[in-house]
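To start, the structure under review is shown below, and the notes come after it.
Each reported figure results from applying straightforward, stated rules to the coordinates on display, with no laboratory input. Because the structure is predicted, anything quoted here is derived from the model rather than measured. For neighbour counting, all protein chains shown are included, and Cβ atoms are generated from backbone atoms with ideal geometry for every residue, glycine included.
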Amino acid sequence: MNLSKLRLVTFDVTGTLLRLRTAPGQQYGEIGAMYGIVADNNMLNRNFKEQFIRMNAEHPNYGLKSGIGWENWWTTVAKETFKASKLPFDENKLDKVAAHLLEMYKTSACWQHCYGIPGLLTYIKSKNIPVGIISNFDSRLETILTNLRLRDYFKFIVGSYEVGIEKPSKEIFDLALERSEQKGIQPSECLHIGDKPSLDYQGATQAGWNAFLINDKNIKDLKEKYDFLDPDHVYGSAYQLHIALMKSSGDQLPTPVQEIPT
């Protein structure tokens, strides 16, 4: 795709711009140990996944519509991740662990850039194309991006918790068009880049946008599970996508992308 045809590019966050430094179970285990709570990290990781799925089903969009709010949502996930281990834990200590994790997950202690992201962002910005974010995320998103030194790349942030709409809803993509402040912009002039086939790729294309998927899974397996994917629109990393965009635009290929220290 030649970027000259685009008037807006948006990015997903988790798994696209940023990834966790360690698995949640390990992070939870390390913080728990600081407060005298000891549990097996592998078990915590399994428990975390189960609690995340459960809470997302019972209280979608981090508890916005059910009224519990994102802080209570994550506090419940953290505490239940430990409690599901069926070990006796002190409730006051669990409260302290959860509060510590809420703050820690705003920082580079937990997050790092996905490979090639700074170079890709710099390249797109060099084309004078507005860049934004469309993400299913809670209210910490802007702080996290600032702490990871990425915030200045983006003209706007559309976070699901703040706007009350989640991907893959067409409405969240329509809202991004408004936030771009590009007069007369059409969905066909927009590109969304994400890592989730249904939320990002299908959500964007059903809203009339172009879409690229950054996903390092085997393309054959992805295609079998998600038949709507165009294999030519799937890249293993942001760096690979960067190379492809430069080739299609006729630009000189980059040296290996220099990452921003975090």
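Brief remarks on what is shown
- Of all residues in the stretch 134-177 being touching a residue at least 24 places away in the same chain (Cβ under 8 Å) and among the charged types (D, E, K, R), the one that is nearest to residue 199 (Cα to Cα): 167
- Taken together, 10, 14 contain a single residue that is of a type in the set (Ser, Thr, Tyr), crowded, with 21+ Cβ neighbours inside 10 Å and closer than 24 Å to residue 158 by Cβ, which is 10.
- Residue within the stretch 185-201 that is crowded, with 21+ Cβ neighbours inside 10 Å, under 30 Å from residue 73 (Cα atoms) and of a type in the set (Phe, Trp, Tyr) present: yes
- Search result, residues across the stretch 1-40 that are among the charged types (D, E, K, R), in contact (Cβ under 8 Å) with a residue 12 or more places away in the chain and either under 30 Å from residue 243 (Cβ atoms) or part of a helix (DSSP H, G or I) (or both): 5, 7, 12, 19, 21
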